[in-house]
Amino acid sequence: MDAFYASVEQLDNPDLKGKPIAVGGGGPRGVVSAASYEARKFGVRSAMASALAIRKCPDLIFVKPRFSRYKEISLKIRSIFLEYTDLVEPLSLDEAFLDVSLNQHGHSSATEIAQEIRDKILQETGLTASAGISINKFMAKIASDINKPNGQKTIKPKEVIPFLERLPIYKFFGVGKATAKRMNSWGIYNGYQLKQHGLEFLIQNFGKSGTHFYNIVRGIQNSPVRPNRERKSVGAERTYPDNLKSDKEILEKARWICEEIQKRLLSIGTKGRTITLKIKFSDFQQQTRSKTLNEAIDDEDQIYEIVKELVDQEEIKKSVRLVGVSLSNLENEQRQEEETITKKDSQLKLEF
């Protein structure tokens, strides 16, 4: 979806159309959750501190998020996807992978399906979407950003390698700012230059990610679209208007977070073995501490006791602006086996 949260707000409130808006908190500690395209022209981006966003765009309008509304529309969009394929892997409320390899409606191409889905989303929700069509999830994801907003891009099999060789290195999945800087130091600025380095070199310098970089630049990614993609973690965090200056204050705030996590764990029927404490200091430096248990837990008091241990591990010498807690190594109480989706012999593979 195109600037999903912001677009929903502009849809529901016509007075906001054409104006630079940000969904999120506009206070001194606020963070932008989403920005309209009008705001993006000024350099406003999601995850940006609200104070910085206002400096970039003095006329920026802040709107409080309404996640229940976003979820309502997301489910409507999901139902449209399911008219075309059972293989839908949601990534978030506004994004999903669809495997349309099997032709369920007699379309001539996957490109045609993408156009039809986008038209249907616009007709039924009043919102625009963009799409990417290609041979695997990585390529489709890259393609979906090329003609945003309200566009689509197909990268055919024969076009994949030339496309990847031209692709700037920072656009490769898994290449963050630090990794891009290291690659740049070796003269790697695009896919072609990355391809000149062998598997041994990449593993030596990037560990397990080296294998990923070696494969992805050659168009190799065998990860299937998973309709029942398992949740990896459950967590909650909060940024505070006033810095926390003692362990006692941190633990007081952590109690509420542990209570919230218990609610989320119970709502989805899962427990976790690894508890991670996340602390962001007033200078924006971040630290995480973790502990893994022999048995999975979902009880607020048990989670809180582990958080207390993690806080006590090392003296916190700087004031704190954010505290977060998460549980991973989840064990679902009611694991559902992935269904094997069978199709009739008459269903044909699609062209691009």
In the stretch 265-297, which residues are buried (at least 16 other Cβ atoms within 10 Å of the Cβ) and modelled with pLDDT under 90? Leu265, Thr270
If I filter the stretch 109-128 down to residues being within 21 Å of Glu351 (Cβ to Cβ) and polar (S, T, N, Q), which single residue comes out as surrounded by the most Cβ atoms within 10 Å (Cβ to Cβ)? Thr111
Name the pairs whose Cβ atoms lie under 6 Å apart, with the first residue in the stretch 78-94 and within 18 Å of His107 (Cα to Cα) and touching a residue at least 40 places away in the same chain (Cβ under 8 Å), the second among the charged types (D, E, K, R) and not in a strand (DSSP E or B), and 6 or more positions between them or separate chains? Ile80/Lys120; Leu87/Asp99
Of (1) over 18 Å from Val323 (Cβ atoms); (2) surrounded by 14 or more Cβ atoms within 10 Å (Cβ to Cβ); (3) without any contact (Cβ under 8 Å) to a residue 60 or more places away in the chain, Gln221 fails just (3)
If we keep only residues of the stretch 129-139 that are polar (S, T, N, Q) and touching a helix residue (DSSP H, G or I) at 6+ places or on another chain (Cβ under 8 Å), then the residue surrounded by the fewest Cβ atoms within 10 Å (Cβ to Cβ) is Ser130
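Could you tell me whether the stretch 196-205 includes any residue that is over 24 Å from the mean Cα position of the chain (by Cα), under 30 Å from Ala51 (Cβ atoms), free of Cβ contacts under 8 Å to residues at least 12 places away in the same chain and assigned to a helix (DSSP H, G or I)?
no
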Tell me which residues, restricted to the stretch 227-255, are part of a helix (DSSP H, G or I) and either surrounded by fewer than 13 Cβ atoms within 10 Å (Cβ to Cβ) or in contact with a Pro (Cβ under 8 Å, 6 or more places away or on another chain) (or both). Lys248, Glu252
On the given criteria, is Phe138 touching a strand residue (DSSP E or B) at 6+ places or on another chain (Cβ under 7 Å) and not hydroxyl-bearing (Ser, Thr, Tyr)? no
Quick count over the stretch 82-101, residues being aromatic (Phe, Trp, Tyr) and under 19 Å from the mean Cα position of the chain (by Cα), is 1
Looking at the stretch 34-73 only, could you name the residues that are under 12 Å from Val8 (Cβ atoms), surrounded by 20 or more Cβ atoms within 10 Å (Cβ to Cβ) and without any contact (Cβ under 8 Å) to a residue 40 or more places away in the chain? Ala34, Ser36
Within the stretch 281-306, work out how many residues are over 15 Å from Arg238 (Cα atoms) and either of a type in the set (A, V, I, L, M, F, W, C) or touching a helix residue (DSSP H, G or I) at 6+ places or on another chain (Cβ under 6 Å) (or both). 10
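The values are calculated or read from the model by the stated rules, or taken from the named source; none is laboratory data. Here the structure is a predicted model, which is why all the values come from computation and not from measurement. Please note: Cβ atoms are built from the backbone with ideal geometry, for glycine as well, and neighbour counts cover all protein chains shown.
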